[in-house]
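Encoded as structure tokens, the structure appears first; notes follow it.
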Amino acid sequence: MSVKGRRAVYPGSFDPFHRGHENIVRRAAKLFDELIVGVGFNPTKIPAFSMEERLLAIRETVQDLTHVQVMTFSGLAVNFVRGQKAQFMVRGIRALSDMEYEATMSLTNATMAPEIETVFLMAGKEYTNLSSTLIRQIATHGGDLLPFVPTPIISHVERRFGKAAEPQEEG
Ligand code: ADP
């Protein structure tokens with residue numbers, strides 16, 4: 001990857017990656033010359049999927065976007081962004097409830113790395129209520145994941161949470 005042009009990192013847990021995340025990636029990919037999806041470890045959340053599993057599934061989902069890379073990272077997202085020599089960090093906002101946390105994070109990141117600009121994209125209107133928690137709940141109860149999860153990721157989620165993972169009791 002060259003260091004010229006506008007390079008952005010979209011960090012997150014993506015546990016799992018859903019259509020709301022994909023929508024942000026596809027829109028951000030139009031804004032930047034290079035985009036890196038950073039699959040990180042959030043110490044406040046116990047992961048359902050391994051970093052490697054998330055990485056491979058996201059790669060498959062966005063493989064048509066040739067200027068988008070998917071990588072894993074540990075530690076602070078802002079350090080990862082800086083290490084990748086990116087000028088921008090992308091975050092998605094679903095509702096006002098996301099604003100407080102995201103504003104705190106972006107101000108803290110700006111203190112640590114003033115050269116990195118956080119760019120917020122509003123969630124696509126069909127995806128404002130979508131979260132990885134919701135996906136895990138739908139999968140646990142055997143619901144149809146297709147409206148919420150990119151096709152290459154469905155089998156991963158069903159294997160972990162769906163009927164194949166834990167046969168349901170009858171009656
Ligand atoms: P994190 O642990 O960093 O919050 P997530 O995987 O939950 O990681 O989210 C990664 C980013 O994607 C965050 O900026 C989050 O606000 C955003 N995001 C989550 N769900 C959606 C959605 N439905 N639409 C748009 N952005 C979203």
> So what does residue 134 come to for accessible area, using a 1.4 Å probe and Å² rounded to 10?
Replying inline: 60
> Between the helical axis of 51-61 and the dominant principal axis of the chain, each derived from Cα atoms, what acute angle in degrees is found, rounded to the nearest 10?
Replying inline: 90
> Taking square-rooted eigenvalues a ≥ b ≥ c of the alpha carbon gyration tensor, is the range 1-140 rounded, prolate or oblate, where a/c under 1.5 means rounded and, failing that, a/b exceeding b/c means prolate?
Replying inline: rounded
> Taking square-rooted eigenvalues a ≥ b ≥ c of the alpha carbon gyration tensor, is the range 71-171 rounded, prolate or oblate, where a/c under 1.5 means rounded and, failing that, a/b exceeding b/c means prolate?
Replying inline: prolate
> Roughly how many Å² is the accessible area per residue of the chain, as a whole number, for a 1.4 Å probe?
Replying inline: 57
> What residues qualify as long-range amide H neighbours of residue 72, i.e. H under 5 Å apart, gap of 5 or more or another chain, H built at 1.01 Å from N?
Replying inline: 39
> Nearest 0.05, what FRET efficiency do residue 122 and residue 65 give at R0 = 22 Å with Cβ-Cβ as r?
Replying inline: 0.60
> What's the longest piece of the chain with no exposed trypsin sites (Lys or Arg not before Pro), counting a site as exposed if DSSP puts it in a loop and it has at most 14 other beta carbons within 10 Å?
Replying inline: 86-162
>> Within 10 Å, at most 10 other Cβ atoms, and a DSSP state outside H, G, I, E, B define an exposed site. Report the longest part of the chain free of exposed GluC sites (Glu not before Pro).
In response: 1-114
>> Not counting ligands, DNA or RNA, and with a 1.4 Å probe, what is residue 108's accessible surface area in Å² rounded to the nearest 10?
In response: 70
>> Testing the spin-label approximation: label points 7 Å from Cα along Cα→Cβ at residue 131 and residue 42. State their distance in nm.
In response: 0.9
> Going by alpha carbons, how many degrees (0 to 90, nearest 10) lie between the helix axis of 19-31 and the longest principal axis of the chain?
Replying inline: 20
> With axes computed from alpha carbons, what is the tilt in degrees of helix 151-161 against the longest principal axis of the chain, rounded to the nearest 10 within 0 to 90?
Replying inline: 60
> When the Karplus curve 6.51 cos²θ - 1.76 cosθ + 1.60 is applied with θ = phi - 60°, which whole-Hz ³J(HN,Hα) does each residue of the range 107-122 get, with x for Gly and Pro?
Replying inline: 5, 5, 4, 5, 6, 6, 9, x, 7, 9, 9, 8, 10, 9, 10, 5
>> Let me spell out the model: positive unit charges on the Cβ of Lys and Arg, negative unit charges on the Cβ of Asp and Glu, origin at the Cα centre of the chain. What dipole size does that give, in debye rounded to 20?
In response: 540
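The values are calculated or read from the model by the stated rules, or taken from the named source; none is laboratory data. It should be emphasised that the depicted structure is a prediction, and the values quoted were computed from it without experimental measurement. FYI the Cβ positions are ideal-geometry reconstructions off the backbone, even for glycines, and counts take in every protein chain you see. We work out accessible area using only protein heavy atoms, side chains counted, and drop any ligands, DNA or RNA first. Shrake-Rupley method; radii C 1.70, N 1.55, O 1.52, S 1.80 Å.
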